[in-house]
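The values are calculated or read from the model by the stated rules, or taken from the named source; none is laboratory data. Keep in mind it's a predicted model, so treat the numbers as computed, not measured. As a convention, Cβ positions derive from the backbone with ideal geometry for all residues, glycine included, and neighbour counts pool all protein chains shown.
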């Protein structure tokens with residue numbers, strides 16, 4: 001079981017690092033990417049699996065160092081917080097541009113609407129890219145403290 005936890009951990013690190021690096025590249029270019037979201041979601045799913053496997057190991061009597069548990073669970077919590085920030089991204093963009101609601105934006109000319117949507121997508125990409133990079137660092141720390 002420990003070997004499976006190790007393999008899934010390496011996969012979680014790899015997917016989140018790939019999402020973070022690819023997302024940073026696409027964010028810098030100002031280009032949205034469906035592939036980024038697929039890699040990110042796969043990385044998030046593997047983190048959930050990794051935490052579940054770690055929980056099973058603890059239930060089976062394995063005693064990991066306390067920091068390993070902390071660094072192992074934090075990526076899951078960070079992902080939840082990042083999703084909340086991503087969800088708030090649209091309102092942040094609207095507020096920054098002086099719009100109170102999406103309905104107000106809907107009254108704008110189509111090219112201005114597209115600009116606002118692009119800004120929202122760019123912010124969401126930035127938030128989730130940053131989260132993927134931080135998750136990668138936390139997972140690497142979990143691996144270093146595994147004992």
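Going by the conditions given, is residue 86 out of contact with any helix residue (DSSP H, G or I) (no Cβ under 7 Å at 6 or more places or on another chain) and closer than 30 Å to residue 105 by Cβ? Considered against the rule, which asks whether it is out of contact with any helix residue (DSSP H, G or I) (no Cβ under 7 Å at 6 or more places or on another chain) and closer than 30 Å to residue 105 by Cβ, residue 86 comes out as no. Residue 98 fulfils the conditions (1) surrounded by fewer than 16 Cβ atoms within 10 Å (Cβ to Cβ); (2) modelled with pLDDT of 90 or more; (3) part of a helix (DSSP H, G or I) except for a single criterion, (3). Only one of the listed residues (84, 50, 91) is closer than 27 Å to residue 3 by Cα and out of contact with any strand residue (DSSP E or B) (no Cβ under 9 Å at 6 or more places or on another chain). That residue is 50. Name the pairs: first residue in the stretch 125-147 and on the phi > 0 side of the Ramachandran plot, second residue surrounded by 17 or more Cβ atoms within 10 Å (Cβ to Cβ) and in a helix (DSSP H, G or I), Cβ to Cβ under 7 Å, at least 6 apart or on different chains? As it stands, the answer is 147/68, since those pairs meet every condition given. Filtering the stretch 105-121 to residues that are in contact with a helix residue (DSSP H, G or I) (Cβ under 9 Å, 6 or more places away or on another chain), surrounded by fewer than 17 Cβ atoms within 10 Å (Cβ to Cβ) and under 23 Å from residue 84 (Cα atoms) leaves only 117.
Would you check if residue 140 is surrounded by fewer than 17 Cβ atoms within 10 Å (Cβ to Cβ), closer than 30 Å to residue 57 by Cα and in contact with a helix residue (DSSP H, G or I) (Cβ under 7 Å, 6 or more places away or on another chain)? Spelling it out, residue 140 is indeed surrounded by fewer than 17 Cβ atoms within 10 Å (Cβ to Cβ), closer than 30 Å to residue 57 by Cα and in contact with a helix residue (DSSP H, G or I) (Cβ under 7 Å, 6 or more places away or on another chain).
When the test is whether a residue is more than 19 Å from residue 73 (Cα to Cα), in contact (Cβ under 8 Å) with a residue 12 or more places away in the chain and part of a helix (DSSP H, G or I), residue 39 passes it.
If you go through the stretch 71-92 and keep only what is surrounded by 14 or more Cβ atoms within 10 Å (Cβ to Cβ), more than 11 Å from the chain's Cα centre (by Cα) and without any contact (Cβ under 8 Å) to a residue 40 or more places away in the chain, you end up with 73, 88, 89, 90, 91, 92.
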